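A short write-up of the structure that comes next.
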Amino acid sequence: MSAFQFLAPRSPASLETVHNILGSLVARYHQEEVLTAIRQIPARDAKFLPLPTWVTSVLAEAYGAKGIRELYSHQAATAELVRNGKSVVVVTPTASGKTLCYNLPVLNAVLENSDTRALYLFPTKALAQDQLAELQDLAKRLDDSFGVFTYDGDTPSDARKAIRERGHIVLTNPDMLHTGILPHHTKWMRLFENLRYIVLDELHTYRGVFGSHLANVLRRLRRIARFYGSDPQFICCSATTANPGELASQLIEKEVEVVEENGAPAGEKLFVFYNPPMVNRNLGIRRSYINEATRVAKEILGRKLQTIVFANSRLHTEVILTYLQQANPPKPGQPEPIRGYRGGYLPGERREIERGLRDGRILGVVATNALELGIDVGSLDACVMAGYAGSIASTWQRAGRAGRRTGSSCAVFVASSAPLDQFIVQHPDYFFGRSPEHAHIRPDNLEILVNHLKCAVFELPISPDETFGNVDLPELCEQLGEAGFLHQSGGDWHWIDEAYPADTISLRSVTSDNFVIIDTTGEDRGKPEVIGEVDFSSALTTVHPKAIYIHQGQQYHVDHLDFDKRKAYVKPVNVDYYTDAIRYTQVRVLEVAQEEAISGPAARAHGDVLVRSQVVGFKKIKFFTNENVGSGKLELPENEMHTTSFWLTLGHSMLADLPFSLSERQNGIFGLLYALGSMATLLMMCDRRDLGTAVGERPPSMASEIKWEDFATGPSAGSDIKEFFEPNLYIYDAYPGGIGISEPLYQACDALLNRTLELIAACSCENGCPSCVGPTADRSERTKEVALEILGRLCGTTEFLEERTARTA
C-alpha cells in the first residue's frame, strides 16, 4: 500500500495537516520506499473508578479543587495495593497519571500520621524538580500540613538541616542517596525511624551497570532502615518492558504486585517510520538522517505545530538546532521560537524552556534524552526522532511527549544507517507488537558489590551472620580486613580506613578508577580547568594521545595521557574529524557454565572469560562523510578483564562445506559478528558500549591469534588429519565481572540468530554495508553472502535463502 493510498481517508483537522506533510515528504522521493510504516493509533477512552473511601476528606477536597474527583483504573488499583501494605510496580505509558499512583496513598498516610516519612527517588535532578512543583501545589491547598523538599547537589547547605527535620517527603536521586544521605544516616534519624514508603520512578532506566549499583544502594538503605526499626514499602513506576515485575523484585529484593492495565485516556496518534532514501544502493549509503530529520521538522514547524525533536548526542542536538533556528528566525523583539535542551544547560534556563513549552511561547525544542523522561512540557503536537533511541521503551517514551491525553498528534522516527535503526524501520511489526525487551541487572557483580559492602560497613558495623547479596560475606570481610579496610572487634567488622568510600564510587561505572580530563589553556593564568572524567577502560579508547575528545560540542586534542596520575591533558581545537581507536582483543574461556549443540553443526555456550585488549592505533574519521582521512600508531598498556561472555562455535565441517574462498569466509565471519552484536543490544535492552565482540579460536583455552590460513587446507587422507580452526564468536560483557547479559543471550540464542538473519536479508545493499554486516570497504564483496549462508545453516532456513537468491536473480 503506498503512502498516498493511506492518506486518502478523512481525518481530524490536525491529523489532516500531518497527512499533508507526509504527502509532501513522499512527493520528493516517489520512487523510494521512504515511509516504511504509517500506523494510526486510535484514541482511547478513560476508565474511571471512584476515589477510595479511605482517602481523607481534606485530601479529596484538594484533588477535587484541581479537577480530580475520580481515578483512572490503574491509579485506583495501585492505591488499594499500597493501602494493603504491598510493594507494587505500575507499568503504563507516558502521561497516564503515574504520579498520582504514589502521591495519593503517601499523602493520605502523612495526613493520617504526621510522623510518616517517604523518600522519592528519580533518575535525574530535573525530574525531581518537576515533581516538586506538583507536591508544593498540593501542600498549599492543604495549608502546608506537610513538608516536601528536594535534596540534591544544588541544595544549599544552610537548608539541609531544616529538610532533615521537617521533610515528610524528600525527593532525591540515587547518586545523592549513595553519597549524601546513607553515609550520614545519623543526621537523618527522623526520616529513617519513620520511613514508610520509597518511590522509584522511571524504573526501566535502572538497568545494566546503573541498575546493578542501585540494587546495592537499596540493600544499604534497607539495612539502615532496619537498624532504625522501619521496613518501607516500595512503589515503582516503569515504562513498558517485558519484565517489569522481575526487574523491580531484583532491585528491591521483595515480592511485587504488577499493575499493567492502563485506564488513562489517549488522543489519536499517527506513528510514522521514515527511512532516508538511498544515495548509493551498492554500498548501502543513505541520505544523512540528521538532514532528513531537520527537513521533516521544518515541514511540521512550518504549519505552526508545536514540535519536539530528539537527537542522540549533544553534538547532533546543536547541529539540528542551528539548522532549525536559521529556518525559523525570531520576529523583531521576540525571543527565539526554537530552543535547545540538553545536559550542560543551567537549571534556570531549563525551567524557562519547560515553561515556554507549556504556555506555547516556544514553538519547537531540540533535545537529548534529558526531555525523554516525564518532565511536564505540556501537550505538544509532534515529535521527530533523529535516530533510534536505543530501546523500544525509550522510543515510546519520546513519542509520548507529543499528544499526551487529548487531541491528535504525530511521531516520526527518522532512521540512521546503523543496523539497529535499519532493523526497526524495516520490521515495524517487531516494534509495534508486544515489547520483547528485557531489562537486566547483576547486583552480585563482585566489583560492584564489594564497593557497596565497604560503604555499608562505613555506615554501620556488619556482623558475620548478616546477608548482603548472594555472596560469602564472612570471607569477603576477611579479605577486606587483610587489605586494611576493616577490623573485627566483638564479632562485628568495623571500618578503619581513613577514606570515605562512597566518594570514590560512581553509580554509572563498575570501577572507580577514573581519568580526569584537564583543559590546559588556562595554565598560563594558573587555572587549568577540569572538564570531565572517563572510566579506565573508556580512557584508553577516548583520551589516548592524539585523540579528539568531544565535550559539549567542543573538540579537544589530547596532548598527554598520564597513567600514574590518571590525568588526560587536552586543549581546544577546531578540526573537521574525530578519532576512532583501533583495539586488538583476545578472549580466553576460563569456565563454561552451559553449552549446547545447535544446527549447523555449531554450538552455543556462556561462561567466564578473560578478555585482553590493547589499543594499537587510531583512525581519523571526517565528520558527516565518515571518510578515513588518516591514522596513527599507539603503544598503550594491555588491559586485562575477567568478565562473562556468550559465544557461538562454528563447526569445521560447516565452514569447510561453504562454497567460498578463505578470505571470503574470514570476512563473512567478522561481518556476521558485527550484525550479531547489533541485534544483541536490541534484545538485551542495553547500550552498544555494554557489549564487546571478538573472534577466537577453539579449543577456547588457547588465547592465540587467529590463523586464517588453516582454512586454506582441505581435509587430508590418512592418519595425519589436521585439527582445523573452528571459530568462537564472542559477545561479552564489557564490564569487569559482567552485568548479567551473557546468560540471557544464551537463552535467547534462537531469537538472536533469527533477528540477525532478518536484519541482513532485509538490507537492500548488494554486498554488505554499515547497516547490516559493517563497512565493507576493506573487505570481500561476498561478506553479506557468506554471513547469510552461515546464518541460514544455523537457523535451518536455507530454503528461505535459496528462494531469496532466486528472486534477486
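The values are calculated or read from the model by the stated rules, or taken from the named source; none is laboratory data. Bear in mind that the values here come from a model prediction, so they are computed numbers and not experimental data. Cβ atoms come from the backbone with ideal geometry, glycine included; neighbour counts cover every protein chain shown. These accessible areas exclude ligands, DNA and RNA; they are computed on the full protein's heavy atoms, side chains included. Shrake-Rupley method; radii C 1.70, N 1.55, O 1.52, S 1.80 Å.
Going by a 4.7 Å Cβ-Cβ cut-off, which cysteines of the chain have no partner at all?
Here CYS101, CYS236, CYS237, CYS383, CYS410, CYS455, CYS477, CYS686, CYS749, CYS795 come out as lacking a disulfide-compatible partner, given the Cβ-Cβ threshold of under 4.7 Å.
How much solvent-accessible surface does TRP647 expose, in Å² to the nearest 10, with a 1.4 Å probe and all protein chains in place?
In the full protein context, TRP647 sits at about 10 Å².
What distance in nm lies between label points placed 7 Å from Cα along the C-beta direction at HIS551 and ASP444?
Taking the simple label geometry, HIS551 and ASP444 are separated by 4.0 nm.
On average, how much accessible surface per residue is there in segment 468-521, in Å², for a 1.4 Å probe, leaving out ligands, DNA and RNA?
Details: 2760 Å² over 54 residues.
Accessible area per residue: 51 Å².
Rounded to the nearest whole Å², what accessible area per residue is found for segment 154-276 with the 1.4 Å probe?
Numbers: 3810 Å² over 123 residues.
Solvent-accessible surface per residue comes out at 31 Å².
Got a number for carbon plus sulfur as a percent of segment 227-322's accessible area, 1.4 Å probe? Could you put the intermediate results ahead of the total?
Values: 1630 of 3430 Å².
C and S fraction of accessible area: 48 percent.
Please report, as a whole percent, how much of the solvent-accessible surface of segment 545-634 comes from carbon and sulfur atoms (probe radius 1.4 Å).
Working: 2140 of 4830 Å².
The computed percentage sits at 44.
Among rounded, prolate and oblate, which fits segment 94-237 when a ≥ b ≥ c are the square roots of the eigenvalues of its C-alpha gyration tensor, a/c under 1.5 means rounded, and a/b larger than b/c means prolate? All intermediate terms of the calculation are to be shown ahead of the outcome.
On the way: a/c = 1.35, a/b = 1.10, b/c = 1.22.
Taking the square roots of the gyration eigenvalues as a ≥ b ≥ c, segment 94-237 is rounded.
Based on the Cβ-Cβ distance from GLU466 to GLU595, what FRET efficiency comes out when R0 is 25 Å, to the nearest 0.05? Please report the intermediate quantities before stating the final value.
Working: r = 36 Å, r/R0 = 1.45.
Efficiency, from the Cβ-Cβ distance: 0.10.
Express in nm, to one decimal, how much length is gained between ILE621 and SER73 on full extension, taking 0.36 nm for each residue of separation and deducting their alpha carbon distance.
On the way: separation 548, 0.36 × 548 = 197.28 nm, distance 5.33 nm.
Contour length minus the Cα-Cα distance gives 192.0 nm.
With contacts defined as alpha carbon pairs under 8 Å and 6 or more residues apart, what's the relative contact order of segment 559-642 in percent? Don't jump to the answer; show the numbers that get you there.
Numbers: 146 pairs, mean separation 22.3, N = 84.
Averaging sequence separation for qualifying contacts and normalising by length gives 27 percent for segment 559-642.
Would you mind checking which residues have amide H under 5 Å from LEU486's amide H? H placed 1.01 Å from N; only 5 or more apart, or other chain.
GLY481, ILE496
Excluding residues on the same chain fewer than 8 positions from LYS298, give the aspartates and glutamates whose Cα lies under 20 Å from its Cα.
GLU16, GLU318, GLU336, ASP381
For segment 545-672, what does the accessible surface come to per residue with a 1.4 Å probe? Please give it in Å².
On the way: 6270 Å² over 128 residues.
About 49 Å² of surface per residue is accessible.
Among the lysines, which fall within straight-line cross-link reach of LYS454, defined as a Cα-Cα distance under 21 Å, with same-chain neighbours fewer than 8 residues apart omitted?
Cross-link targets: LYS187.
Among the lysines, which fall within straight-line cross-link reach of LYS622, defined as a Cα-Cα distance under 24 Å, with same-chain neighbours fewer than 8 residues apart omitted?
In chain and number order, the partners are LYS546, LYS571, LYS633.
Mind jotting down the distance between the C-alpha centroids of segment 180-239 and segment 277-339, whole Å?
What the calculation gives is 41 Å, centre to centre.
Which entry in [x] 2, 10, 12, 12, 11, 10, 10, 10, 9, 6, 5, 3, 1, 0, 0; [y] 2, 9, 12, 11, 10, 8, 6, 7, 9, 10, 8, 5, 2, 0, 0; [z] 2, 12, 21, 25, 21, 13, 5, 1, 0, 0 matches P(r) over Cα pairs in 10 Å bins from 0, in percent derived from the coordinates of this structure?
It is the one labelled [z].
Evaluate the charge dipole of the chain about its Cα centre and quote only its size in Debye, nearest 20, assuming +1 on the Cβ of each Lys and Arg and -1 on the Cβ of each Asp and Glu. Write down the numbers at each step before the final one.
Details: 81 positive and 100 negative charges, 623 e Å.
Approximately 3000 debye in magnitude.
For the chain, what relative contact order do you get, as a whole percent, if you take Cα pairs closer than 8 Å and at least 6 residues apart? Could you put the intermediate results ahead of the total?
Working: 1613 pairs, mean separation 90.9, N = 809.
Rounded, it is 11 percent for the chain.
Based solely on its DSSP helices, what 222 nm [θ] is calculated for the chain when runs of n ≥ 4 H residues each add -39,500 (n - 2.57) and the sum is averaged over all residues, nearest 500 deg cm²/dmol?
On the way: 25 runs with 280 residues, N = 809.
Calculated from helices alone, the mean residue ellipticity at 222 nm is -10500 deg cm²/dmol.
First compute the accessible area of segment 62-216 with a 1.4 Å probe, then give the percent of it belonging to carbon and sulfur atoms. Please list the in-between numbers first.
Details: 2240 of 5040 Å².
Answer for segment 62-216: carbon and sulfur cover 45 percent of the accessible area.
Segment 334-383: which GluC sites (Glu not before Pro) are DSSP loop and have at most 12 other beta-carbon atoms within 10 angstrom?
Values: sites: GLU349, GLU352, GLU354, GLU372; in loops: GLU372.
Within segment 334-383, no GluC sites (Glu not before Pro) qualify (loop, at most 12 other Cβ atoms within 10 Å).
Counting only other residues whose beta carbon sits under 13 Å from that of ILE598, what net charge do I get with K and R as +1, D and E as -1? If you can, show how the numbers build up before the last one.
Numbers: positive: ARG604, ARG793; negative: GLU595, GLU596, ASP750.
Residues near ILE598 contribute -1 overall.
I want the antiparallel fraction of DSSP beta bridges within the chain, as a percent rounded to 5. If you can, show how the numbers build up before the last one.
Details: 84 of 136 bridges.
The antiparallel fraction comes to roughly 60 percent.
Determine the relative contact order of segment 172-310: mean sequence separation of Cα pairs under 8 Å and six or more apart, normalised by residue count, in whole percent. Walk me through the numbers before you get to the answer.
Details: 105 pairs, mean separation 26.4, N = 139.
Across segment 172-310, relative contact order equals 19 percent.
List the residues, sorted by chain then number, that are 5 or more residues from GLN594 or on another chain and whose placed amide H is less than 5 Å from its amide H.
Residues meeting the criterion, in which the H sits 1.01 Å from N, are HIS606.
Sort 274-281, 752-759 for me by packing, meaning the mean count of neighbouring Cβ atoms within 10 Å per residue, highest on top.
Values: 274-281: 17.6, 752-759: 22.2.
Ranked from most to least packed, the peptides come out as 752-759, 274-281.
First measure r as the distance between the Cβ atoms of THR521 and ASP497, then evaluate 1/(1 + (r/R0)^6) with R0 = 30 Å and state the FRET efficiency to the nearest 0.05. Display every interim value, and only then the final one.
Working: r = 37 Å, r/R0 = 1.24.
E(calc), rounded to 0.05, equals 0.20.
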